Every structure is written in C-alpha cells, then in structure tokens.
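Scroll down for the structure; my scribbles are underneath it.
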C-alpha cells in the first residue's frame, strides 16, 4: 500500500492512474469509424469460426479446448504437437484468436490502455528515483514489444500452416496490423510525427490502421463469413431395403 500511495502522490488530481482516466480517447469521426471497423471485422471472423465449427464432425472435446490448445502449443512453439491437432482445428483457433484480438483493439481504441503502462512506468520512475535513467527502461520496453510482436506473428504462422493459400489475405492483414500496433506501442518520436500527418483529411495512422482491418475483413468474407451457418452433419440411418416380390409361377402349357 505504501508503494501505491507513493505512486499516486507523484501526480495528484490528474486522473485515475497518472493522467489516464477511463473515457473516450478519440471522439473524432475517424476514431469512431475505426472502432466500428474493428467490431465489424471481429464479427466477420467470428462468423467464419462458427461456420467452420458447424461443418466439423461431432467431437467429445469441448470447443473451448479446441481453441485454447492450439494457441498454447503455437505460443510454446510445439510444431510437432500442432501437426497432430489437425489443420482444420488450427484454422478455427486462428479465427477465434483474430476475433478476440480485434475486439480488444476496438475497445482499446477508445480506452487507450497503453497509456496506463506508460503512466505506471513514469510514476514508478519518479517514486523510485530513477526518472533520469528512464531511457534505458524505455529501450528495454521497446525491445520487449518487438520480441512479443515477432513471437505473436510466428504463432499465427504456425496455426496457419496448411491453410496459407486460403488465409493469405488474413495473414497479410494480421502482419500489417500487428506491426502497426507494435510501432504505436513503442512510441518512436519520429514515427509518431510521420503517422500524425493528414491525407485527404484523415491522419496517416488512421489510414494504416483501417487498411490492416480492411484486409482481415476481406479475408474473412472470402473464407465464408457472409454464408449462412450450415447445419451440423448427422449420421444417416441406413435405408431400409424394399421387400422383394416373389416371382409369379409360370403356368405350364398342357401338352397336346
């Protein structure tokens, strides 16, 4: 508690955590369009997941485990175990993972949760007396973001193996979007200046962000997001064989 009190005392009456408070971080038209795009793309990815799940054969393994297990194996880099899981199960896990990622990014677009990390680090530096050496911590954080992004992309690639041709648009959009998020989280000063420029009334960062979302959405539509959910396959009962008719006895002609 004493540590939290010291952190709070560094920036009194500025917000819940430093200068951050929950609220609408980007109330502009472009900001709300981006949020809508995130949620729309998430819905499309979820529809692909549900359609694939409905087409799958019945299994005794819970659906949540079929989503969680491939992601755990992918993040751990267990390629051989992933091969045993199967291509279709990995694809369904990837679609659900994209759904959750897009939902989180849509919420984060307005809540600006990365500012919480920045504020906590700044307050900790001030309370701990190492604020002047904060550049070292910032560089370490940037390196961590880059490594985490590269590891996430590797995990996505492992899940997509066997479906690369089918998922190429989604993979491209995911790479585009994750790279953009990593750059924004790292907050390079010169990159921030570049992304702040406007093109046709829209900031360049909005164009790049919307571009990545649009590529994922198109990939979801190509993979059947707009199709109706098919009914699960049922085992068909064998057709009853029709009774055979006995052949009528042939009447013999009397011999004359």
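The values are calculated or read from the model by the stated rules, or taken from the named source; none is laboratory data. For clarity, every value in this text was computed on a predicted model and none was experimentally measured. Counting neighbours? That spans all protein chains shown, and the Cβs are built from the backbone with ideal geometry, glycine included.
Report yes if residue 48 is crowded, with 16+ Cβ neighbours inside 10 Å and modelled with pLDDT of 90 or more, otherwise no.
yes
Does residue 37 count as modelled with pLDDT under 80, farther than 30 Å from residue 130 by Cβ, under 22 Å from the mean Cα position of the chain (by Cα) and in a helix (DSSP H, G or I)? Show your work before the answer.
On the way: modelled with pLDDT under 80: no; farther than 30 Å from residue 130 by Cβ: yes; under 22 Å from the mean Cα position of the chain (by Cα): yes; in a helix (DSSP H, G or I): yes.
Judged against the criteria, residue 37 is not a match.
State whether the residues of region 167-178 include one that is surrounded by fewer than 15 Cβ atoms within 10 Å (Cβ to Cβ) and in contact (Cβ under 8 Å) with a residue 40 or more places away in the chain. Let's see the steps before the verdict.
Taking region 167-178 and keeping what is surrounded by fewer than 15 Cβ atoms within 10 Å (Cβ to Cβ), we get 168.
Then drop every residue that is not in contact (Cβ under 8 Å) with a residue 40 or more places away in the chain, which leaves 168.
Checking region 167-178: at least one residue is surrounded by fewer than 15 Cβ atoms within 10 Å (Cβ to Cβ) and in contact (Cβ under 8 Å) with a residue 40 or more places away in the chain.
Residues to consider are 154, 122; find the one that is touching a residue at least 40 places away in the same chain (Cβ under 8 Å), assigned to a helix (DSSP H, G or I), touching a helix residue (DSSP H, G or I) at 6+ places or on another chain (Cβ under 9 Å) and loosely packed, with under 15 Cβ neighbours inside 10 Å. Write out each step before concluding.
Working: 122 fails: loosely packed, with under 15 Cβ neighbours inside 10 Å.
None of the others qualify; the one that does is 154.
Tell me which residues, restricted to region 51-79, are touching a helix residue (DSSP H, G or I) at 6+ places or on another chain (Cβ under 7 Å) and at pLDDT below 85.
52, 53, 56, 63, 66, 67 - these are the residues of region 51-79 that are touching a helix residue (DSSP H, G or I) at 6+ places or on another chain (Cβ under 7 Å) and at pLDDT below 85.
Give the residue that is modelled with the lowest pLDDT, with candidates limited to residues of region 176-230 that are in a loop (DSSP other than H, G, I, E, B) and under 23 Å from the mean Cα position of the chain (by Cα).
Residues of region 176-230 that are in a loop (DSSP other than H, G, I, E, B), as a first pass: 187-188, 196-197, 200-201, 223-230.
So of that shortlist, the ones also under 23 Å from the mean Cα position of the chain (by Cα) come out as 187, 223-229.
Numbers: 187: 58, 223: 88, 224: 79, 225: 69, 226: 61, 227: 62, 228: 62, 229: 55.
So the residue we want is 229.
Name the one entry in 145, 164 that is loosely packed, with under 14 Cβ neighbours inside 10 Å and in contact with a helix residue (DSSP H, G or I) (Cβ under 8 Å, 6 or more places away or on another chain). Please lay out each step first, then the result.
Details: 145 fails: loosely packed, with under 14 Cβ neighbours inside 10 Å.
None of the others qualify; the one that does is 164.
Take the conditions part of a helix (DSSP H, G or I), modelled with pLDDT of 80 or more, in contact with a helix residue (DSSP H, G or I) (Cβ under 8 Å, 6 or more places away or on another chain) and under 30 Å from residue 217 (Cβ atoms) and apply them to residue 82. Does it pass?
On the way: part of a helix (DSSP H, G or I): yes; modelled with pLDDT of 80 or more: yes; in contact with a helix residue (DSSP H, G or I) (Cβ under 8 Å, 6 or more places away or on another chain): yes; under 30 Å from residue 217 (Cβ atoms): yes.
Yes, satisfied.
Only one of (1) touching a helix residue (DSSP H, G or I) at 6+ places or on another chain (Cβ under 7 Å); (2) more than 29 Å from residue 30 (Cβ to Cβ) fails for residue 109. Which number is that?
The failed condition is (2).
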